[in-house]
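The values are calculated or read from the model by the stated rules, or taken from the named source; none is laboratory data. Computed from a predicted structure; not experimentally measured. Cβ atoms come from the backbone with ideal geometry, glycine included; neighbour counts cover every protein chain shown.
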Amino acid sequence: MGQATGQVITFAVGVALSASAIIAVVLMLATPKARSNGPAFLLGWMLGLTVVGTIALIAASGAEASENGAPATWVSILKIILGVLLLLVAARQRHAHTTADAEPDLPGWMKRVDTFTAPRAAAVAFVLAALNPKNLLLTVGAAAAIAQTSASTGDQAAALAVFVVLGTAGPGIPVAIYFLMHDRAKAILENLRAWMVHENAAITAVICLIIAAKLIGDAITGLTS
């Protein structure tokens, strides 16, 4: 289990540092339905990661991701492809950060979070977790990394669970602050929201760049070993 779990930590951190999700949940926590919508958002987020991760893990395991204890050639090729795609995401986000105003405008749906019900909050979180390009690439990468270890089915499932839990830490921390700090939470969450809104593109670009470098480096090692 240790080897499989170790493979997912970097990917999980990249998913956890999802500015859009953190901004969205902070905005929800400032509404009258915060006590229901905050936890619902986390459940939707975890479900999104679990669904995509499970599908990708089953597909990778079925395609024999490991050859004699080493990553299969197709896994290394997939890592290169994912790395290149993440580099493209990083370049796009870097351009957005360079051209953005001091306070980038929020998407329309974020301006309507005060109208969200718990199911709507969960659905939005599911989409952000499962279909956001960065998170989708990172989740697929994590699943491929787990599958290549040839760990038992139980160990692979446990590693995926670790990925989901760690990947939920980003939006989970504001929810914890809200419930644990009560009146003091408002100022902390507002400062967090303002910072994440301003640095959204830069954060995403750096994360994508770092993980892309890791993926491509691991792929080159796998292909040349």
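When residue 181 is tested against (1) crowded, with 18+ Cβ neighbours inside 10 Å; (2) more than 11 Å from residue 26 (Cβ to Cβ), exactly one condition is not met: (1). Just a yes or no: is a residue in the stretch 159-171 on the phi > 0 side of the Ramachandran plot, part of a loop (DSSP other than H, G, I, E, B) and either under 15 Å from the mean Cα position of the chain (by Cα) or crowded, with 17+ Cβ neighbours inside 10 Å (or both)? Within the stretch 159-171, not a single residue is on the phi > 0 side of the Ramachandran plot, part of a loop (DSSP other than H, G, I, E, B) and either under 15 Å from the mean Cα position of the chain (by Cα) or crowded, with 17+ Cβ neighbours inside 10 Å (or both). Counting only residues that are under 16 Å from residue 50 (Cβ atoms) and not in a helix (DSSP H, G or I), the stretch 5-19 holds 1 of them.
Considering only residues of the stretch 95-151 that are modelled with pLDDT of 90 or more, of a type in the set (Ser, Thr, Tyr) and over 21 Å from the mean Cα position of the chain (by Cα), which is surrounded by the most Cβ atoms within 10 Å (Cβ to Cβ)? In this case the residue turns out to be 117.
Per-residue answers, yes or no, for (1) of a type in the set (A, V, I, L, M, F, W, C); (2) modelled with pLDDT of 80 or more:
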{"position": "187", "(1), (2)": "yes, yes"}
{"position": "192", "(1), (2)": "yes, yes"}
{"position": "196", "(1), (2)": "yes, no"}
{"position": "199", "(1), (2)": "no, no"}
{"position": "206", "(1), (2)": "yes, yes"}
{"position": "210", "(1), (2)": "yes, yes"}
{"position": "216", "(1), (2)": "yes, yes"}
